[in-house]
There are 2 protein chains.
Amino acid sequence: MAQKPSIPKGTRDFSPIEMARRNYIFSTIKSVFALYGFQQIETPAMENLNTLMGKYGEEGDKLLFKILNSGDWKGAIDAEMLANASIGQLTNKVSEKGLRYDLTVPFARYVVQHREEIQFPFRRYQIQPVWRADRPQKGRYREFYQCDVDVIGTDSLVSELELMQIVEEVYRRFGIRVVLHINNRKILAGIAEVIGEPDKMIYITVAIDKLDKIGVENVNKELQERGLTMKAIEALQPILNLTGSNEDKLAQLETILASSETGMKGVAEMKTIFGLAKQADLHLAVKLDLCLARGLNYYTGAIFEVKAQDVEMGSITGGGRYDNLTGIFGMPGVSGVGISFGADRIYDVLNELNLYPEEMLTGTQVLFAAFGEEELRYSLAWAKALREKGIRTEVYPEPAKMKKQMAYADAQQIPLVAIVGGDEMASQTVMLKNMLSGEQKAVHLDELINQFN
Amino acid sequence: MAQKPSIPKGTRDFSPIEMARRNYIFSTIKSVFALYGFQQIETPAMENLNTLMGKYGEEGDKLLFKILNSGDWKGAIDAEMLANASIGQLTNKVSEKGLRYDLTVPFARYVVQHREEIQFPFRRYQIQPVWRADRPQKGRYREFYQCDVDVIGTDSLVSELELMQIVEEVYRRFGIRVVLHINNRKILAGIAEVIGEPDKMIYITVAIDKLDKIGVENVNKELQERGLTMKAIEALQPILNLTGSNEDKLAQLETILASSETGMKGVAEMKTIFGLAKQADLHLAVKLDLCLARGLNYYTGAIFEVKAQDVEMGSITGGGRYDNLTGIFGMPGVSGVGISFGADRIYDVLNELNLYPEEMLTGTQVLFAAFGEEELRYSLAWAKALREKGIRTEVYPEPAKMKKQMAYADAQQIPLVAIVGGDEMASQTVMLKNMLSGEQKAVHLDELINQFN
């Protein structure tokens with residue numbers, strides 16, 4: 001019996017209309033990246049497991065898709081191992097490669113591996129799928145695209161500005177109103193210092209990062225479990241709830257963090273970034289958000305998250321400054337900053353707000369529909385002439401019933417159908433039907449071409 | 001100690017310049033596909049193994065990259081299995097998914113799975129990487145892109161013509177002179193009949209397919225091993241060596257194959273295809289090549305291979321007509337025809353013939369190089385104005401030594417550098433340096449923008 005075909009859970013097929021929409025998203029983002037002088041790279045889907053393992057925490061290691069070694073993998077294990085070794089140890093025996101989990105670690109690996117060829121500051125972007133063995137659920141897939149853009153090899157805050165400009169321009173082109181939430185890891189470190197828990201900065205950021213999801217009470221509970229004193233947790237609350245303009249908040253932080261060198265450095269960085277934004281006439285709505293922490297531990301300076309204003313949705317773009325991403329591969333002291341656009345969420349926002357432009361579609365503009373074999377052959381020369389003018393043209397490949405050919409044009413939303421019968425052949429014309437208005441008229445070749453000028 | 005980073009053998013990183021070249025190849029091919037009304041789809045990198053296994057022969061099954069099941073995969077095997085089960089049986093226990101091996105089987109799976117949504121004839125293209133655990137060697141990778149274009153749901157030979165037109169147009173745009181070799185599986189079947197070996201058609205095509213690689217003697221040896229009589233092998237030789245124009249060869253075949261209904265049908269198809277090509281004024285060099293067989297067994301009609309004329313290289317595009325691709329997934333009787341462009345080989349041909357156009361590069365057009373922090377801030381407003389005009393602009397993010405900034409521009413092949421010092425700020429200008437000619441002059445903003453009109 002034939003198999004009923006399906007695809008692995010958490011993965012997707014993309015139909016022509018979905019691809020047109022995705023291509024619109026990717027090409028918009030790419031053209032903005034190019035406008036700012038970023039260059040594209042690609043890395044392999046498979047990386048060596050020693051490149052990937054240990055970079056995403058224990059949980060991340062489990063979520064890596066691992067490739068079974070080719071050939072006789074079973075020769076690498078024996079009954080004793082099977083009985084006694086851990087699943088991790090056994091996996092090491094039978095698998096050397098995994099699918100990439102994000103674009104950041106492969107980028108760090110790329111920079112170190114190709115350091116001699118790279119001109120720093122290196123401005124790269126990368127748009128490729130990543131794979132995670134997460135439990136699939138609404139909006140969470142096991143294969144999805146990331147669109148990462150990074151500047152590496154400079155600690156200039158002009159790079160933070162540029163990424164904010166890119167956010168502004170990308171969402172302006174999409175027509176999505178957004179707010180950029182910004183914070184700074186140095187400010188968070190300063191806060192940890194002044195509340196008397198300088199060693200617990202990581203726990204504090206990890207907990208704060210969940211504020212949106214689990215609420216303030218659960219965050220405080222988590223902080224307590226992590227060993228923060230009640231006094232520290234109490235001291236933290238008003239800081240996370242500072243009000244006023246970004247400038248107001250920074251002014252208050254200058255007082256609160258006065259005793260923390262790191263914290264004051266963070267405040268100074270934010271002042272510089274806001275100053276640059278003013279200088280560059282940035283129109284993006286930017287909100288200093290002290291509750292923004294971002295979970296990944298490699299951030300060391302500014303951190304960003306972008307949210308759509310008119311749709312309930314998590315962050316659609318996020319990133320930050322890291323000072324030692326390439327250190328794990330033996331190249332310390334290289335500072336960089338980057339952000340990642342979430343293509344799947346942007347797709348959902350554009351769908352929900354119905355923001356796809358008409359001209360996004362690159363479908364067929366004219367379909368030739370012939371009554372008979374001879375008419376079909378007559379159409380071929382016309383189709384050739386149209387295509388030479390860049391007009392996207394199809395010839396219905398069979399002289400099928402006209403009703404069937406018209407139904408095809410309808411379903412494919414082809415706007416014009418050139419109907420060819422004996423009369424048209426005799427008069428060197430086609431009967432051109434506008435599928436929207438229903439109007440039709442006999443036209444010569446040059447008239448047909450002129451429709452598209 | 002830090003790991004020395006590397007990537008799995010047979011895989012590649014693509015640098016910015018390589019990506020620019022690859023993007024040029026893909027966008028050229030895509031725009032021709034769109035001109036003929038083909039629509040893009042994408043399928044997941046991972047397919048269920050029961051979709052992939054058994055579709056590429058025993059050897060192909062071995063070359064599939066298999067994904068280790070997540071979680072406790074070792075629970076699925078025990079010591080007894082480890083001792084007694086075959087590697088294939090064990091693999092089945094620990095792996096349910098594999099990376100796609102080509103785009104054809106996923107396409108067939110897609111068509112069957114989405115048959116209710118699809119409008120037939122379905123004209124799709126698909127450009128995605130595939131993975132094969134082949135032994136890596138020069139020009140053979142474990143991850144590489146395929147560019148497939150197919151019409152499915154019609155047996156009209158107009159589709160064969162269109163694919164030939166697409167071949168013509170793609171290689172015209174690339175500037176590569178090519179010859180399209182064409183043959184027909186029905187003719188090959190007819191030949192098998194008339195030499196008295198009707199049941200051995202598959203062996204004959206598989207052997208003939210290796211003619212280029214192993215030579216006529218080894219082909220004949222293989223045919224002998226497959227059980228063909230010496231008489232049959234002798235009878236085969238003159239047929240494979242027919243000379244003259246395509247029309248001459250077809251005329252000879254009409255005599256040779258007169259007793260074979262299938263063979264005569266193949267001859268008729270070829271006559272129709274050549275007639276359509278004439279009607280559509282096809283300029284592509286087309287050669288009826290009776291030694292062309294193509295290894296894959298699913299072809300049933302016309303088969304194609306394209307070779308570059310000015311470079312020694314295998315086939316750079318190939319494909320053919322199949323009558324039952326979707327049958328394996330329970331949807332019989334759907335005829336289609338398709339071809340696949342080999343992006344990696346096309347890349348090599350374009351490199352070897354040095355055919356990449358200048359305007360392919362989308363790198364930065366203007367770099368701002370500032371002498372100090374204030375000049376850097378001054379540059380930001382200028383950069384914004386340029387980008388608003390669509391001019392790809394970079395601001396060197398630090399007021400580094402001017403020599404360093406110029407070296408960066410040189411290495412990145414940025415054609416214009418806008419140098420900003422105190423004098424320029426005072427006079428509301430920049431010093432614009434042409435990096436090719438070395439000329440420089442002070443310009444106002446509107447003059448700078450006018451450089452690009």
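The values are calculated or read from the model by the stated rules, or taken from the named source; none is laboratory data. Keep in mind the model is a prediction, meaning the values are calculated, not measured. Reconstructed Cβ throughout: ideal geometry from the backbone, glycine too, with neighbour counts over all protein chains shown.
Tabulated data for the structure shown
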{"read-out": "Tabulated pairs, region B:193-204, first free of Cβ contacts under 8 Å to residues at least 24 places away in the same chain, second surrounded by 19 or more Cβ atoms within 10 Å (Cβ to Cβ) and part of a helix (DSSP H, G or I), C-beta under 7 angstrom, 6+ apart or interchain", "value": "B:Pro198/B:Ala192; B:Met201/B:Leu188; B:Met201/B:Ala189; B:Met201/B:Ala192"}
{"read-out": "Answer residue from region B:380-395, given it is facing another protein chain (nearest Cβ under 8 Å) and in contact with a helix residue (DSSP H, G or I) (Cβ under 6 Å, 6 or more places away or on another chain) and is nearest to A:Asp281 (Cα to Cα) among those", "value": "B:Leu380"}
{"read-out": "Some residue of region A:286-304 being among the charged types (D, E, K, R), at negative phi and more than 23 Å from the chain's Cα centre (by Cα)", "value": "no"}
{"read-out": "Residues of region B:265-285 satisfying the condition of being free of Cβ contacts under 8 Å to residues at least 12 places away in the same chain and on the phi < 0 side of the Ramachandran plot", "value": "B:Ala268, B:Gly275, B:Lys278, B:Gln279"}
{"read-out": "Qualifying residue in region A:32-40 (condition: farther than 25 Å from A:Arg132 by Cα and modelled with pLDDT under 90)", "value": "no"}
{"read-out": "Residue count, region A:378-389 (criterion: loosely packed, with under 15 Cβ neighbours inside 10 Å and free of Cβ contacts under 8 Å to residues at least 24 places away in the same chain)", "value": "2"}
{"read-out": "Residues located in region B:1-43, provided they are part of a loop (DSSP other than H, G, I, E, B), touching a residue at least 60 places away in the same chain (Cβ under 8 Å) and touching a Phe, Trp or Tyr at 6+ places or on another chain (Cβ under 9 Å)", "value": "B:Gly10, B:Thr11, B:Arg12, B:Phe38, B:Ile41, B:Thr43"}
{"read-out": "Test set (1) under 30 Å from A:Glu312 (Cα atoms); (2) in contact with a Gly (Cβ under 7 Å, 6 or more places away or on another chain) - A:Thr364 fails condition number", "value": "(1)"}
{"read-out": "Residues satisfying the stated conditions in region B:352-377, i.e. part of a helix (DSSP H, G or I) and either crowded, with 18+ Cβ neighbours inside 10 Å or away from chain A (no Cβ under 14 Å) (or both)", "value": "B:Glu352, B:Leu353, B:Glu358, B:Glu375, B:Leu376, B:Arg377"}
{"read-out": "So A:Ile87, is it facing chain B (nearest Cβ under 7 Å) and either crowded, with 17+ Cβ neighbours inside 10 Å or not β-branched (Val, Ile, Thr) (or both)", "value": "no"}
{"read-out": "When residues of region A:37-75 are limited to those that are among the aromatic types (Phe, Trp, Tyr) and either farther than 20 Å from A:Cys147 by Cα or facing another protein chain (nearest Cβ under 7 Å) (or both), the one nearest to the chain's Cα centre (by Cα)", "value": "A:Phe65"}
{"read-out": "Unmet criterion (only one of (1) under 17 Å from A:Val334 (Cβ atoms); (2) touching a residue at least 40 places away in the same chain (Cβ under 8 Å); (3) touching a helix residue (DSSP H, G or I) at 6+ places or on another chain (Cβ under 8 Å); (4) not small (Gly, Ala, Ser)) for A:Phe144", "value": "(1)"}
{"read-out": "Region B:131-159: number of residues that are in a strand (DSSP E or B), within 9 Å of chain A (Cβ to nearest Cβ) and over 30 Å from A:Gly372 (Cα atoms)", "value": "2"}
{"read-out": "Test for A:Pro399: is it closer than 28 Å to B:Leu282 by Cβ and touching a Gly at 6+ places or on another chain (Cβ under 7 Å)", "value": "yes"}
{"read-out": "Qualifying residue in region A:226-237 (condition: among the basic types (Lys, Arg) and in contact (Cβ under 8 Å) with a residue 60 or more places away in the chain)", "value": "no"}
{"read-out": "Condition met for A:Leu380 (in a loop (DSSP other than H, G, I, E, B) and of a type outside the set (Val, Ile, Thr))", "value": "no"}
{"read-out": "Residue among B:Gly215, B:Gly190 that is in contact (Cβ under 8 Å) with a residue 24 or more places away in the chain and either surrounded by fewer than 19 Cβ atoms within 10 Å (Cβ to Cβ) or of a type in the set (Gly, Ala, Ser) (or both)", "value": "B:Gly190"}
{"read-out": "Residue list for region A:396-412, filter: within 15 Å of A:Gly363 (Cβ to Cβ) and either basic (Lys, Arg) or in contact (Cβ under 8 Å) with a residue 12 or more places away in the chain (or both)", "value": "A:Tyr396, A:Tyr408, A:Ala409, A:Asp410, A:Gln412"}
{"read-out": "Tally, over region B:1-22, of residues that are surrounded by 15 or more Cβ atoms within 10 Å (Cβ to Cβ) and at the interface with another protein chain (Cβ under 7 Å from one of its Cβ atoms)", "value": "10"}
{"read-out": "Selected residue (criterion: farthest from A:Ile17 (Cα to Cα)) from residues of region A:402-444 that are assigned to a loop (DSSP other than H, G, I, E, B) and within 14 Å of chain B (Cβ to nearest Cβ)", "value": "A:Pro415"}
{"read-out": "Enumerated helices (runs of 4 or more DSSP H) restricted to region B:51-104, each holding at least 3 residues that are of a type outside the set (A, V, I, L, M, F, W, C) and closer than 23 Å to B:Gln128 by Cβ", "value": "B:57-63"}
{"read-out": "Complete set of residues in region B:90-105 that are without any contact (Cβ under 8 Å) to a residue 24 or more places away in the chain, charged (D, E, K, R) and within 7 Å of chain A (Cβ to nearest Cβ)", "value": "none"}
{"read-out": "Single match in B:Gly295, B:Gly318 (criterion: touching an Asp or Glu at 6+ places or on another chain (Cβ under 8 Å) and closer than 22 Å to B:Asp199 by Cβ)", "value": "B:Gly295"}
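Residues are listed down the side, and each one gets a yes or a no for (1) touching a helix residue (DSSP H, G or I) at 6+ places or on another chain (Cβ under 7 Å); (2) away from chain A (no Cβ under 11 Å); (3) more than 27 Å from B:Tyr36 (Cα to Cα); (4) part of a strand (DSSP E or B):
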position	(1), (2), (3), (4)
B:Ala108	yes, no, no, no
B:Glu117	no, no, no, no
B:Arg123	no, no, no, yes
B:Pro129	no, no, no, yes
B:Asn183	no, yes, no, yes
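Yes or no, residue by residue, for (1) surrounded by 15 or more Cβ atoms within 10 Å (Cβ to Cβ); (2) more than 14 Å from chain A (Cβ to nearest Cβ); (3) more than 26 Å from B:Val179 (Cα to Cα):
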{"position": "B:Gly227", "(1), (2), (3)": "no, yes, yes"}
{"position": "B:Lys231", "(1), (2), (3)": "no, yes, yes"}
{"position": "B:Asp248", "(1), (2), (3)": "no, yes, no"}
{"position": "B:Ser259", "(1), (2), (3)": "no, yes, yes"}
{"position": "B:Val267", "(1), (2), (3)": "yes, yes, no"}
{"position": "B:Asp281", "(1), (2), (3)": "no, no, no"}
{"position": "B:Val311", "(1), (2), (3)": "yes, yes, no"}
{"position": "B:Thr317", "(1), (2), (3)": "yes, yes, no"}
{"position": "B:Phe329", "(1), (2), (3)": "yes, no, yes"}
